[in-house]
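The values are calculated or read from the model by the stated rules, or taken from the named source; none is laboratory data. The structure displayed is predicted, hence computed values, not measured ones. Methodologically, a virtual Cβ is constructed for each residue, glycine included, from the backbone with ideal geometry; neighbour enumeration extends over all protein chains shown. Each accessible area value is taken on the protein alone, full model and side chains, heavy atoms only, with ligands, DNA and RNA left out. Shrake-Rupley method; radii C 1.70, N 1.55, O 1.52, S 1.80 Å.
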Amino acid sequence: MSKRQPRPAPLNQVDRVAFRDMCRVFAEREIGPRWKAADDDKQFPREFYVAAARAGLIGITAAEEIGGAALGAYEEAIAMEELAKVNPNLAVSVLVQNVAGSILYEHGHAQHHEIARRNIAGECLVAITITEPEAGNDIQNVSTRAMRDGDHWVLDGIKSFITLGGDADILVTLAQTDPEAGRHGMRFFAVDRRTPGIETSQIDTYVNRPAPTFRVMFNRARVPADCQLEAGFAEIMAGFNRERIMVAARWLGHMQTALKWGLEYAATRQQFGRPIGANQSIAFALAQAHLDVEAARQLTYHAAERWDSGVPLEDVILAVSTAKLHATQAVVRVTQTVLHTAGGWGLTTELPAMRWALDALVAPVTVGSVEIQQRAIARQLGLPVD
């Protein structure tokens, strides 16, 4: 595989500190006051997307010619970590926009570049429409069809678990154009959600509610031929490895907030005349949680640095999969530890522990499950796993 290009102008350490401070202030100002109401209403606050765009958090790695910041995965991970410290679910809406924008600009033509520009400007919300009821991790079994009809494509199929699927203006959709060709017959399309024949329905979930999940149904939806992106399946899917770094950063931020609260609670909650943190069972569990957080930090930013270095993709996958696997397992352990530390009160809405634990449960199954990451790591280690 040919060498990827490194990013040309990495931020120095001082600039990175300033960038992190900016992201933290933005998250506290724009996510803090609104996430609870959005969670209760199970509705995405579009004004948050607009605010994120105005703050320069949409298109962090995108080219300056379309309004992007032309930064690297390292800075994108910083932003994701800081946003997720306040709420991991509104943070994921930013993650989706950055990944979708990269797909449109790097693998599309002029029409798609304009969508990416509008997305970065806060004018066009995008969803990535890949997963199906019978094709989650097994993406090669996608059954949504795109059939050519003159100067149009006709789409038929059902997508599921699509973040922002009912809110987005554009759906970046994977479909089969030639089922006999397997993965080589798959193509991506940038589809207007208001196209006749497209319907969406929200899936009621315990998690991700400020960034709701939808079914997207295509029933002979006719889209112009130029909706098709230029690159093929394998080329576009390779870019999702960067998304896995951002997933790790998302859960790194989430577990930090949970652990900080757990430590404070253990130091102040009194039982039997002393803080519960004086008990080894509690103290040692929280010490182990600290280890999980720090390991996630090192693995995540190591993977981001490898990505930004421009080395071939096959030399990045091990670092990416390791970071994603650890963070998505660690966040469950850390939040469960915090929930246990809170005791019976942790099961009430008066404390935030249960909310953190519930949000973390989605981590091991998104953007490549635990088993998918274990398989990728085993292969990179030279094992002949099938």
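A few points about this structure:
- When only the Cβ of Lys, Arg, Asp and Glu is charged (+1, +1, -1, -1), the dipole of the chain relative to its Cα centre reaches about 800 debye.
- Gain on full stretching of the segment that runs from ILE158 to GLN13 - 0.36 nm per residue minus C-alpha separation: 47.6 nm
- Per residue, the accessible area of the chain comes to 44 Å², computed with a 1.4 Å probe over protein heavy atoms only.
- Averaging the Cα positions of each part gives two centres, and for the stretch 9-33 and the stretch 244-301 these lie 23 Å apart.
- Distance histogram for the chain (every C-alpha pair counted, 10 angstrom bins, percent rounded to whole numbers): 5, 23, 33, 25, 10, 3, 1, 0
- Spin-label pair ASP178-GLU65: with each label point 7 Å from Cα along the Cα-Cβ axis, the two points sit 3.0 nm from one another.
- With the simple model of a label 7 Å out from the Cα in the direction of the Cβ, THR268 to ASP169 spans 4.4 nm.
- Simple spin-label estimate for VAL365 and ARG145 gives 3.0 nm between the two label positions (7 Å along the Cα-to-Cβ direction from each Cα).
- Gain on full extension, evaluated as 0.36 nm per residue between ALA110 and ASP315 minus their Cα-Cα distance, stands at 70.7 nm.
- Space enclosed by the convex hull of the alpha-carbon atoms of the stretch 176-307, per residue, Å³: 174 Å³
- Apolar share of the accessible surface for the chain: 53 percent from carbon plus sulfur atoms, 1.4 Å probe.
- Note that the stretch 45-112 shows a convex hull volume over its alpha carbon atoms of 82 Å³ per residue.
- Paramagnetic label zone (point 7 Å from Cα along Cα-to-C-beta, LEU358; backbone N under 20 Å) in the stretch 231-253: 251
- Maximal additional length on extending the ASP226-ARG29 stretch stands at 66.9 nm, based on 0.36 nm per residue less the C-alpha distance.
- Using heavy atoms of the protein chains and a probe of 1.4 Å, the accessible area assigned to ASP192 is about 60 Å².
- The longest stretch of the chain left intact once loop-based trypsin sites (Lys or Arg not before Pro) with at most 12 other Cβ atoms within 10 Å are removed from consideration, loops following DSSP, is 195-386.
- A Förster radius of 51 Å, combined with the Cβ-Cβ distance separating ASP41 from LEU381, puts the computed FRET efficiency at roughly 0.65.
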